[in-house]
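Below is one structure; the comments refer to it alone.
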Amino acid sequence: MSTPEEKVLEKVEDHERRIVELEKNHYEMKNGMLRIENTVLQEGKEQKQLLNTLLDHFFTERKEIRANKVKLSELRWTTIVGLLGSGGALLILLEWLITRF
């Protein structure tokens, strides 16, 4: 049989082995958590870039639509003014046709 001192020594060695295993597991878990944190941060950056791209596209498109509406409005007014302005020429042509026949 083993002596009480040997039993205590075995228990101390067993505790030491278990502590070393726990420290190793703790270290591995810590590294795993750091990898997860880095992955989450990277994904967050990518999501932010994607969101900024989508917002830029959305507002650029709206800006272009607004500019096209302004151009269309200007074209309408230019056409209306042109038609009304040429109305005098049409009136003269119409008077000339009426007086000729």
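Taking square-rooted eigenvalues a ≥ b ≥ c of the alpha carbon gyration tensor, is the range 1-58 rounded, prolate or oblate, where a/c under 1.5 means rounded and, failing that, a/b exceeding b/c means prolate? Here the range 1-58 falls in the prolate category. The angle between the Cα long axis of helix 4-100 and the main principal axis of the chain comes to about 0°, on a 0 to 90 degree scale. Here the Gaussian network model covers the chain, with springs between Cα atoms less than 10 Å apart; of His15, His26, His57, His15 fluctuates the most. Kindly give Rg over Rh for the range 17-91, based on alpha-carbon atoms, with the Kirkwood expression for the hydrodynamic radius. Rg/Rh for the range 17-91 comes to 1.74. Hey, got a sec? Which trypsin sites (Lys or Arg not before Pro) in the range 51-97 land in a DSSP loop and have at most 14 other Cβ atoms within 10 Å? Passing both the DSSP loop test and the Cβ count: no residue. Relative to the Cα centre, the charge distribution of the chain, modelled as +1 at Lys and Arg Cβ and -1 at Asp and Glu Cβ, gives a dipole magnitude of about 1280 debye. Since only Leu75, Leu51, Asn38 are under comparison, the one whose Cα sits farthest along the positive direction of the charge dipole of the chain, derived from C-beta charges on Lys, Arg, Asp and Glu, is Leu75. For a straight C-alpha distance cut-off of 26 angstrom, the lysines reachable from Lys45 (same-chain residues fewer than eight places away being disregarded) are Lys30.
Treating each Cα of the range 56-100 as an identical point scatterer and ignoring solvent, apply the Debye formula and state log10 I(q)/I(0) at q = 0.18, 0.21, 0.29, 0.33 Å⁻¹. Ignoring solvent entirely, the Cα scatterers give -0.64, -0.72, -0.90, -0.99. Would you mind computing, in nm to one decimal, how far apart the modelled labels at Leu84 and Ile98 are, each placed 7 Å from Cα along Cα→Cβ? Here the modelled spin labels are 2.2 nm apart.
Just so you know, all these numbers are worked out from the coordinates, no wet-lab data involved. Remember, it's a predicted structure, so these values are computed and weren't measured experimentally. Every residue, glycine among them, receives a Cβ derived from its backbone with ideal geometry; neighbour counts consider all protein chains shown.
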